[in-house]
1. All but one of (1) part of a loop (DSSP other than H, G, I, E, B); (2) outside the structural domain of residue A:237 (by TED's automatic domain parsing); (3) touching a strand residue (DSSP E or B) at 6+ places or on another chain (Cβ under 7 Å) hold for residue A:298; state the number of the condition that does not hold.
2. Kindly indicate which of A:294, A:299, A:289 is under 16 Å from the mean Cα position of the chain (by Cα) and farther than 20 Å from residue A:53 by Cα.
3. Taking region A:104-137, which residues are assigned to a strand (DSSP E or B), within 14 Å of another protein chain (Cβ to nearest Cβ) and touching a residue at least 12 places away in the same chain (Cβ under 8 Å)?
4. Mind listing whichever residues of region B:280-295 are touching a strand residue (DSSP E or B) at 6+ places or on another chain (Cβ under 8 Å) and not in a strand (DSSP E or B)?
5. Is there a residue in region B:357-376 that is surrounded by fewer than 24 Cβ atoms within 10 Å (Cβ to Cβ) and out of contact with any strand residue (DSSP E or B) (no Cβ under 8 Å at 6 or more places or on another chain)?
6. Which one is surrounded by the most Cβ atoms within 10 Å (Cβ to Cβ), of the residues in region A:246-258 that are touching a residue at least 40 places away in the same chain (Cβ under 8 Å) and within 14 Å of residue A:124 (Cβ to Cβ)?
7. Do we have residue A:203 as under 17 Å from residue A:114 (Cβ atoms) and surrounded by fewer than 24 Cβ atoms within 10 Å (Cβ to Cβ) here?
8. Can you give me the number of residues within region A:207-224 that are more than 14 Å from chain B (Cβ to nearest Cβ) and either under 24 Å from residue B:436 (Cβ atoms) or touching a helix residue (DSSP H, G or I) at 6+ places or on another chain (Cβ under 6 Å) (or both)?
């Protein structure tokens, strides 16, 4: 592989140089000539790297391995621990150096039993699942009349009190958008539903899943309790079950449901970030951090969320390693732990590095938005950063535009971005991402080889260019 | 509604008659003129009926009502009994006469608990469900090494014995086709898998679901045991879970799984066919039978299978009743019970009617292939039956062709077809039917208003023309 790539590179560069216009022999012209030659070589190297990615399955194979050999890997569980061991082995296998696990602990949470049904007027089962972090119902479940809120905002604007003895049901649909713009608004009920319902005296909450599909899968996801408010259980219904409830309320029915959840916190549990590097040849202390998150929810096998991000970032590292090109800066690959339960790996990373090398991180980016194609670059480098143009010049052929929205680099990058680490994001098309997100249906068959290859090509170009560029990411020089 | 329709009819017929070419006043011409006038009136009536269907939601509303107010309705359960009560009420509501239930009993079967997991080499849960009719595993489940068969034919060609202590896994995909031609071949493992595995000494069987989707839903469906062979439990895996197993075998792994099924027969249980009629005005003893089946599997709410068939047949009856047109022959609508578990309603219907009016059934047809558009007419009337042309002339505008394949009229019509009842079928596009078939995902949101209206239009035209035609279906005159 290395030999073939280098051979292709030499040929391409030689051809391009041979075709470049002759310049007169003067110092400025010589400098321009050198710069031009360097650019020609750089272009050829990026082409060789992206060609290798586009014709390979470096990322796809890693996603297959993770989702098959580990499967679901909920934060804090033995499955996540197995995934860390897998990550260490996989990093060594592709040739990363300094491979290690940075351990931390998290509040462990388990799903336990769960079931639900409509008791009246039309008895039938409900497909639901506890939201992450939810407390349990009493054993045997809670049966109560349902108080219906078409949207979370309707609940928020309801007076305090008045829902004593009731189970609150919050409906409301999520809109599809390439960048997932509908997620934030739709997710308010997931995060705040239990607190707002408890403030008004409710016993429990069920919500229409935060998702964009019409399948019988509830979508889990982390919820939050406010400290001062009673903790009540909260579960999500699949879209068809929510439709069913909505029809009953539309018909003016009084609805009773029964919900049993065994979900509970189980004390401190181990998690960790898995880290490996390609040590820089000229500026080893300057770190370009890429990664995805290793944990997944327990329902699916975490293929699009976030096996894809692990595969894409590891795949890019593998393409670069296989090429034999030596990056000047250090490329650090991180498989973050415990992202789903509150970006805990991202925060743990900052804790572990803030007194050592965090200031040397020149760029960071996480892939965590599914498995579809990258369509734009988003910058967290500040306005007019020339690196964005430099990168765009090299990956525009992949169908990637320059975006106008800013980024913090991704969920686990957020905490370090807030500490001053420059960030960038290769934004994927997430139009259908929330069809699968946090459901049992997030499985490897949803991964497309070509789409992953396009991602890996863009990421390989990005890390290579970030390693080689003269652009001063942190204004440190 | 009646008034508006008749007014439209009079206008249309008058217009068409006014525009028809004048003929000379001779006996033959007079007869031809009368025939032509009759045809013009007939055309106008069919147009009024199909217009009413296409602009209405007669079928759609009935499907919504059944799937919402009853939900799942497994044969022999209290839910199926509730569905019969719903059926009686709905028939009376739309104006059918002689509404009654014809009771029968069936061997009741219940699903009970079910769970599965891969124990080694890569521990993770499996999404599976018992096939209808399966026996249970011992309490606590069966854990064993898996014997892998890529197809059912591979199992059939394996020597007898040799699978002692093993759980058999049968993979193999089902092909998509508009008429569901892939179902029969794929279904062989569902019907015969347990028997063939037991013959060779196996403890239990898991199969790749008989379905065409890539979602995390196992497809249930009735299985059969041979009398002389040991009964062993059998379950179906979702497609992604089967993929996961296939990958492990492809990698040469030794796989162990654990399966627990609580499925069991629970003794004789009540079922029944719900029957109502539009009594014929001239030939009340000649019966045109249409219907769908009322029972569903327990996992979904039976929207495409077969809420759609109930809605389409009842919708057609309602359009005809609302029109005020009086059919010459009797239109009998039947909601068959216990279809899923072996066409038991279809057989019970023959038992109940063979000594009375079965010989007077001139035509029978069941809608039981989902909720998509009708694309062709299939005949069970023998070759060259002119009624097919007569019908085709009137419904070709709906995008319906004359098919070349023969039909027995549908699952519950098969038993009476075998007793000599002429049959016909309005074949629906079932390309995606087996994505949803027998899964939890068979829910009302999968039903399209326009597609159901097209079906109801075709069925209304069909029953009206069958009632009025001079065609001699049974050669009885």
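The values are calculated or read from the model by the stated rules, or taken from the named source; none is laboratory data. All of these numbers come straight from a predicted model, not from anything done at the bench. FYI the Cβ positions are ideal-geometry reconstructions off the backbone, even for glycines, and counts take in every protein chain you see.
1. It fails just one condition, (3).
2. Details: A:299 fails: under 16 Å from the mean Cα position of the chain (by Cα); A:289 fails: farther than 20 Å from residue A:53 by Cα.
When all the criteria are applied, what remains is A:294.
3. Here is the first cut: in region A:104-137, the ones assigned to a strand (DSSP E or B) are A:104-110, A:114-120, A:124-126, A:128-130, A:132.
The next check asks that each one be within 14 Å of another protein chain (Cβ to nearest Cβ); those that pass are A:110, A:114-120, A:124-126, A:128-129.
Passing the criteria: A:110, A:114, A:115, A:116, A:117, A:118, A:119, A:120, A:124, A:126, A:128, A:129.
4. Going through region B:280-295, the residues touching a strand residue (DSSP E or B) at 6+ places or on another chain (Cβ under 8 Å) turn out to be B:280, B:282-295.
Once the filter is applied, which keeps residues that are touching a strand residue (DSSP E or B) at 6+ places or on another chain (Cβ under 8 Å) and not in a strand (DSSP E or B), region B:280-295 yields B:280, B:282, B:294, B:295.
5. Yes, some residue in region B:357-376 is surrounded by fewer than 24 Cβ atoms within 10 Å (Cβ to Cβ) and out of contact with any strand residue (DSSP E or B) (no Cβ under 8 Å at 6 or more places or on another chain).
6. Initially, region A:246-258 is screened for residues touching a residue at least 40 places away in the same chain (Cβ under 8 Å), giving A:246, A:248-249, A:253-258.
Going one step further and asking which of them are within 14 Å of residue A:124 (Cβ to Cβ), we end up with A:248, A:253, A:255-258.
Values: A:248: 20, A:253: 18, A:255: 20, A:256: 16, A:257: 23, A:258: 19.
If we take residues in region A:246-258 being touching a residue at least 40 places away in the same chain (Cβ under 8 Å) and within 14 Å of residue A:124 (Cβ to Cβ), then A:257 is surrounded by the most Cβ atoms within 10 Å (Cβ to Cβ).
7. Working: under 17 Å from residue A:114 (Cβ atoms): yes; surrounded by fewer than 24 Cβ atoms within 10 Å (Cβ to Cβ): yes.
Yes, satisfied.
8. Filtering region A:207-224 down to residues more than 14 Å from chain B (Cβ to nearest Cβ) leaves A:207, A:210, A:221-224.
Add one more test, that the residue is either under 24 Å from residue B:436 (Cβ atoms) or touching a helix residue (DSSP H, G or I) at 6+ places or on another chain (Cβ under 6 Å) (or both), and what stays is A:207, A:210, A:221, A:223-224.
Summing the residues that are more than 14 Å from chain B (Cβ to nearest Cβ) and either under 24 Å from residue B:436 (Cβ atoms) or touching a helix residue (DSSP H, G or I) at 6+ places or on another chain (Cβ under 6 Å) (or both) in region A:207-224 gives 5.
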